[in-house]
Amino acid sequence: MKEVRANGFGGRVAAEPNGPIRGLRKEYTIINEESDGYTLFNTTDERGASKRRGIVAALATVAMLVPLAFAPSATAAEGDYSGGIKGEYNALGIAAGVATEAYSGLNSQERQDTVLANFNQITPENSMKPEGWYDGNHEFAMSDNTRSLLKFASDNNIRIYGHVLVWYSQTPDWFFQADEWCEDTNNTAGVTSCPLADKATMQERQRQHIENVAKAISDEFGPFGSDTNPVVAFDVVNETVNDTDNPDTNGMRNSLWYQTYDGEDYIYDAFENANTYFNEVYADPSDDHPVTLFINDYNTEQSGKRTRYAALLDRMVAEGVPFDGIGHQFHVTLTTATSNLEAALTDMERFNKKQAITELDVTTGTPVTEAKLIEQGQYYYEVNQIIHRHAAQLFSVTVWGLIDGLSWRSGEGAPLLFDDNLEKKPAYIATSVIAPTFPSR
Ligand code: G3I
């Protein structure tokens, strides 16, 4: 019997693997303080071909018998998940986030209920990206999608983690052109055929864009830090570090931002602008720093990318750039060692900033089998343990989508916590309040 952690209800969660064969032929037992225990999985099938049986004998008084989508012929006990994912993380001082939009994960009462039961923070998956603020005439305005999401958050007392102010992608090409009306004959996003704007022009466009975003939100939802404005954080810059070590750009992505500025100081400017407009000009006077300002990137679980990321952060510290947090996207697969995710968090601790897991998803590969979904649960459980160990610096943990079918990676195998019927997957159970333990894979 191995106790692994205390949970939010003060219960005790322990695991007792039984008859292990290749990691999947195990029984998992949960014991809580009332001495009630129940077996969560009893798998006799290594590859999940439907032989898993008698999944749960529920003894806990809090348990309800419900069918689990991944075991249609069996019954399973569901613990008391009334705290949802936020019950797990809020107790640690971490916000529980989900990336979604009014038109996707919030477009039915059931989906809204699921979001509100489990999460207390939303990242707009697309609507607040630079291109989301401009119409065909290059006019700046808040879109209906953004307004709906902010209203949902404000009405339901849920936080918004903004995404994103400055990014090389999903930014109109005209934004980088000397003449914004020059006809770009290149059809590739992020590579315009028109002459590029000079640095001074880009400095002003960036400043104006960031001020416009802050002002538009503040105009409709009140100053940042006030009760009606739900925005608590923003990805100020996204994906600025190069995937390989390019000495010509000092390890930075050779994006149109980098090219127009001829260097990485567009990042420094972005944080200065964000701090000015979100934390000063459009902030509630009673709150001196309402919006936590993040830099965000992917593959930080890989050592090369992480080294370049940390080198950039060192330069930002040396330059006195006002950034508050370091984001790790963590778009991973079952073959990504979870120790690499932990290394990413550990290596960044020295900056003494907040950290965030900003875009978590874990693909199983295809075809999606019952066995893979259980292994995915084990994976999420390992991530959950890492989150507990690094809670002190974590600002939020965000899954990148509500249900598998809405994920940008749905074709790579069921990456999220809920299936398309909003049924809880093993990954959910591994992430929620009375989580069972999933012994290491
Ligand atoms: O808005 C159009 C719609 O008008 C059109 O009918 C439809 C047809 O396919 O496309 C819609 O746009 C799509 C948009 O998502 C909104 O659904 C784009 O084609 C599609 O490319 C876009 O994908 C998004 C992707 O960023 C674009 O880069 C994903 O949903 C979103 O999950 C993904 O998120 C990024 C993060 O911002 C940064 N980190 C990586 C992450 C995954 O790529």
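The values are calculated or read from the model by the stated rules, or taken from the named source; none is laboratory data. All figures in this text were calculated on a predicted structure; none of them were measured in a lab. No Cβ is skipped: glycine too gets one built from the backbone with ideal geometry, and neighbour counts run over all protein chains shown. The accessibility values were calculated without ligands, DNA or RNA, using every heavy atom of the protein model including side chains. Shrake-Rupley method; radii C 1.70, N 1.55, O 1.52, S 1.80 Å.
Is it the case that some residue within the range 202-213 is more than 18 Å from residue 270 (Cβ to Cβ) and either without any contact (Cβ under 8 Å) to a residue 60 or more places away in the chain or more than 16 Å from the ligand (Cβ to nearest atom) (or both)?
no
Scan 406, 373, 394 and give me the residue that is within 16 Å of the ligand (Cβ to nearest atom) and of a type outside the set (Lys, Arg).
406
Considering every residue within the range 97-119, establish whether at least one is in contact with a Pro (Cβ under 8 Å, 6 or more places away or on another chain) and away from the ligand (no atom under 16 Å from the Cβ).
no
What number of residues within the range 378-410 are of a type in the set (Asp, Glu) and either touching a residue at least 40 places away in the same chain (Cβ under 8 Å) or over 21 Å from residue 115 (Cα atoms) (or both)?
Result for the range 378-410: 1.
Tally time: how many residues in the range 93-124 are touching a residue at least 60 places away in the same chain (Cβ under 8 Å) and surrounded by fewer than 16 Cβ atoms within 10 Å (Cβ to Cβ)?
Within the range 93-124, residues that are touching a residue at least 60 places away in the same chain (Cβ under 8 Å) and surrounded by fewer than 16 Cβ atoms within 10 Å (Cβ to Cβ) number 2.
Kindly indicate whether residue 306 is open to solvent by 30 Å² or more (accessible area, probe 1.4 Å), touching a helix residue (DSSP H, G or I) at 6+ places or on another chain (Cβ under 8 Å) and in a helix (DSSP H, G or I).
Here the answer is no, as residue 306 does not meet what is asked.
From the residues in the range 186-200 that are among the hydroxyl-bearing types (Ser, Thr, Tyr) and open to solvent by 50 Å² or more (accessible area, probe 1.4 Å), which one is modelled with the highest pLDDT?
Out of the qualifying residues, it is 193.
Within the range 144-174, which residues are closer than 16 Å to residue 212 by Cβ and either away from the ligand (no atom under 16 Å from the Cβ) or surrounded by fewer than 20 Cβ atoms within 10 Å (Cβ to Cβ) (or both)?
Of everything in the range 144-174, those that are closer than 16 Å to residue 212 by Cβ and either away from the ligand (no atom under 16 Å from the Cβ) or surrounded by fewer than 20 Cβ atoms within 10 Å (Cβ to Cβ) (or both) turn out to be 147, 150, 172, 174.
Could you please tell me which pairs satisfy a Cβ distance under 8 Å, a separation of 6+ or placement on different chains, a first residue in the range 354-377 that is open to solvent by 10 Å² or more (accessible area, probe 1.4 Å), and a second residue that is outside any loop (DSSP other than H, G, I, E, B) and among the aromatic types (Phe, Trp, Tyr)?
Pairs found: 354/294; 354/395.
Considering every residue within the range 61-74, establish whether at least one is away from the ligand (no atom under 16 Å from the Cβ), modelled with pLDDT of 95 or more and not hydrophobic (A, V, I, L, M, F, W, C).
For the range 61-74, residues away from the ligand (no atom under 16 Å from the Cβ), modelled with pLDDT of 95 or more and not hydrophobic (A, V, I, L, M, F, W, C): absent.
What pairs come up if the first residue lies in the range 129-143 and is more than 11 Å from the ligand (Cβ to nearest atom), the second is in a loop (DSSP other than H, G, I, E, B) and open to solvent by 70 Å² or more (accessible area, probe 1.4 Å), and their beta carbons are under 6 Å apart, counting only those six or more places apart or on different chains?
If the second residue must be in a loop (DSSP other than H, G, I, E, B) and open to solvent by 70 Å² or more (accessible area, probe 1.4 Å), no pairs are left.
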